[in-house]
Structure formats: C-alpha cells, structure tokens
Amino acid sequence: MTASALPGAPFLARQADELWLDGVRLADLAAEFGTPLYVYSRGAMAAAAAAYLQALSGRPHLLCYSMKANSSLAVTKTFADLGLGFDIVSGGELARVIAAGADPAKVVFSGVGKTRAEMHTALLAGVKCFNVESEPELLALSELASSLGRTAAVSLRINPDVDAKTHPYISTGLKGNKFGIAHGQARAAYAHAARLPGLRVVGIDCHIGSQITEIAPYLDALDRLLDLIEQVETDGIPIAHIDLGGGLGITYTDEQPPAADVLVRALLGRIDARGHGQREVLLEPGRSLVGNAGVLLTEALVLKPGTDKNFCIVDAAMNDLVRPAMYQSWMAIVPCQQRDPQVTPPLNWDIVGPICESGDWLGRDRSLSLQAGDLLAVLSAGAYGMAMASNYNTRPRAAEVMVAAGRAMLIRRREEVADLFRDELLPD
C-alpha cells in the first residue's frame, strides 16, 4: 500500500518512512502511552463532518452522529462542538451525550428493544424524537409519556425491504431483518400512532445497513419512504422530517464508496424532484465520520515462521478489535517505520493476537518486512473498534488518544487488571 493510498489521508501520511497522524508521529505515542493503543485524528473527524454539512447547507437539517460507531466521550464532544446531533440506541449512549455536554434536544433515540427505563430517562431528558420500531413500542411509549404528563415526538422506522448489498450481519433494511415496521404495515401503524395519547407523529425513518458503497439502494429506500409519506399525509397525518439513517461505507482496501457530499446531493435532488423539499432532513452517519480517523497501534511480540503459515503475534487481539473475527473484515496493517526490504525481506504473515482462539486474528496473508518489536498500525480502526472491545481472557482494554494539529491528548486511561474484577464478589 503506497502512502498516497493510505485510508485516512491526508491526515494519515508517511514522512521519512515514519507514519504520522494529524501532525503526530505514531511511534512517539506508542512509546509514551504503550500498546495496544487507539489513536484518533480530530481533524479527520471534522473534515468528514464538513462534507455532510456543506451539502446540507441552506435547508432544514440535523446531522446526527451514530454513536454506536465510537462512543468515547472525547469523540462525542468533538461532534457536539461541530453542531451535530446524535443517533443513540441505548440509555447508556444518552448518558454519554449528556456527560459530553451535548444537547439532548438534538438526539434521536433508535433501537429495536428500548426498555421502559430507557424511555423514561429519554422523555425526562427531552430528546428530539423516538425512532419507533414496532407497534408494541408505540403502546409502551404512549403509556409512559402519558403517565409523566409528557408528549413523545415519534418517527416510525420503516423497513423498506431494500438490499443494501452489504455483509448480512450489517444489513438492516430487508424484510428478513429484525429492524423496523414492514412497509406494508406502516400506513396502519401511523394511523394507530396518531390516535394514541402522549404521542406526536413528527417523522419517518429508515436505515438499510452499514458499509454501503452504492447510491442506488439509498434512492430505492427513499422512493419507498416518499410514497409512504404521500399516503400517510392523505390520511391527515403530517410528516415534518425524513430520516434517511446512515450506513455510508469507507475505504478499507479498494472499496470506492461515494463521497458524502455526492450521496447527500443525490438524496436531496430526489427529495426536491418529488416535491418534498420543505421537509427537514435527518442523516445518521457513523462509520463515515470516524472510521478512517482512527488507527490501532500494536507491537509485534513474536515472529513464528511455519511450514504452512508465518505468524506475527502482536499484543492487540480480538478483544481489542473484533471486526476481523466477527465479519471477516479486511483492514490495512502497515508498519509505523518501514524496514529496508533488502535487509529484511518481506514475507506473508498472518497478524494474530495472544488470545486462546483460532479466530483471534487481525489480518491474514500480509506481505510485510518485520522484526520482533516492530510497531504496526491497523488502519481505519476509528469505528467499531474500541466501541466493541471486551475483556475476554481478562485483558484490560486499550488506552485512547486524540491528536489534533500536532498535539496529543490522552482521552481514556488504559484499564488495569484490578479494574476488571472490582465489582465482583466472592461467595461466603
């Protein structure tokens, strides 16, 4: 992979064979904070958000960062400072929004299984909207809002049965998926919602999947939503906003997803062409805002050549980054300092962690010039990395650092082993 092809460029770049992110040499961060280590570029996040915001400029909109991609407080605050709202899927994510000093009135609460406790907290916090995914959820929210003397603004999440052509685990818009209300049942669900006390219908929502690399599935879903809006408004139920979800893919290797502004302009063009330009537009990007803003640093502990496979055992593992094991995801892995291939000939390596699972791998068949002690960077690790980390094998989770224009800030301390069983109790 050439320097110009690095995902995350121009914020990620090589200078004199050393890898730098947003003006900071990554080897220096590993020396100061240890490994495994997540590092995020604030400049890269701001640039990614700007592409959406510029395309949405001049019309009613709310760009909501999808927190499930990376819910670290510093990341959340970065997007709040840029004026973004938030798409949340749990009461815990709402607590993070509040802890970061963001405005709950710019929060949309998604999720297929909201608890009554979560709904209660969100109602008192004053979230902008609940994206409701079933009629039982409508009934529960109506009852709870009425008991509190509140009115819950609701948007129904519609399952449009559109194939996003992505990994089956992250496809969310097909009729076989658990998400949303079936398109054919939606008109009746809107009529039901409009009759329930404590509810105010304000919008329509869909989300068809993640790591989408084509515009066509978005336009197909949008057309189905606009058809439904026209039917629902004929029934006397006004729809103020259209929430088109997120899911735009990023480049991990050779994917060529549309640029954010190209996607947004295509969607707005279709909305305008069909006479719906007066409506507020909500978008919920996650991965496309943070994915290529982050890297995971890891040290090569042991080189283990074999007859069939060469293994490079590193100190990061599937508990730090589960995407390769869970989705068989390809993520670029590059040395932070390039070695002379004439001195250290490249070999094909499987980059694996120390966890006691054969599925504990970060990359397979990577041609690299390596020696034990080398520092490697797993690229495009800003989304669904630390957010999905665990303590499997009683391994403390990594530290996190944010870099901005040559300055580094520790934003999460590395866990200690004692932290992992602090809340456990021994029986008598």
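Annotations
- Taking the criterion of being assigned to a loop (DSSP other than H, G, I, E, B), in contact with a Pro (Cβ under 7 Å, 6 or more places away or on another chain) and surrounded by 12 or more Cβ atoms within 10 Å (Cβ to Cβ), the residues of segment 375-428 that qualify are Leu379, Ser380, Ala398, Arg414, Glu415.
- Qualifying residue in segment 104-115 (condition: free of Cβ contacts under 8 Å to residues at least 60 places away in the same chain, assigned to a loop (DSSP other than H, G, I, E, B) and buried (at least 19 other Cβ atoms within 10 Å of the Cβ)): yes
- Test result for Arg274, of a type outside the set (Ser, Thr, Tyr) and over 29 Å from the mean Cα position of the chain (by Cα): yes
- Residues of segment 119-157 satisfying the condition of being in a helix (DSSP H, G or I), small (Gly, Ala, Ser) and either farther than 27 Å from Gly246 by Cβ or without any contact (Cβ under 8 Å) to a residue 40 or more places away in the chain (or both): Ala122, Ala125, Ala140, Ser142, Ser146, Ser147
- When the criteria are applied in full, Gly363 meets the requirement of being touching a strand residue (DSSP E or B) at 6+ places or on another chain (Cβ under 8 Å) and within 27 Å of Ile411 (Cβ to Cβ).
- Scan of segment 291-348 for residues that are among the charged types (D, E, K, R) and in a strand (DSSP E or B), ordered by number: Glu299, Lys304
- Of all residues making up segment 238-287, the number that are farther than 20 Å from Met45 by Cβ and among the hydrophobic types (A, V, I, L, M, F, W, C): 10
- Qualifying residue in segment 65-73 (condition: farther than 30 Å from Ala240 by Cα, modelled with pLDDT of 95 or more and surrounded by fewer than 22 Cβ atoms within 10 Å (Cβ to Cβ)): yes
- Verdict on Gly184 being surrounded by fewer than 23 Cβ atoms within 10 Å (Cβ to Cβ), at pLDDT 85 or above and at positive phi: no
- The lone criterion from (1) among the hydroxyl-bearing types (Ser, Thr, Tyr); (2) farther than 21 Å from Ala44 by Cβ; (3) surrounded by 22 or more Cβ atoms within 10 Å (Cβ to Cβ) left unmet by Tyr327 is number (3).
- Count - residues of segment 17-67 that are free of Cβ contacts under 8 Å to residues at least 40 places away in the same chain, within 30 Å of Lys128 (Cβ to Cβ) and assigned to a helix (DSSP H, G or I): 4
- Enumeration of residues in segment 112-164 that are closer than 25 Å to Ala216 by Cα and at pLDDT below 95: Glu133, Arg157, Ile158, Asn159, Pro160, Asp161, Val162, Asp163, Ala164
- Total residues in segment 298-348 satisfying the condition of being within 16 Å of Leu375 (Cβ to Cβ), free of Cβ contacts under 8 Å to residues at least 60 places away in the same chain and among the aliphatic types (A, V, I, L, M): the figure is 2.
- Residue in segment 304-323 that is more than 28 Å from the chain's Cα centre (by Cα), at positive phi and surrounded by fewer than 22 Cβ atoms within 10 Å (Cβ to Cβ) present: no
The values are calculated or read from the model by the stated rules, or taken from the named source; none is laboratory data. Predicted, not measured: the structure shown is a model, and the values here were computed from it. Neighbour counts run over all protein chains shown; Cβ positions are idealised from the backbone, glycine included.
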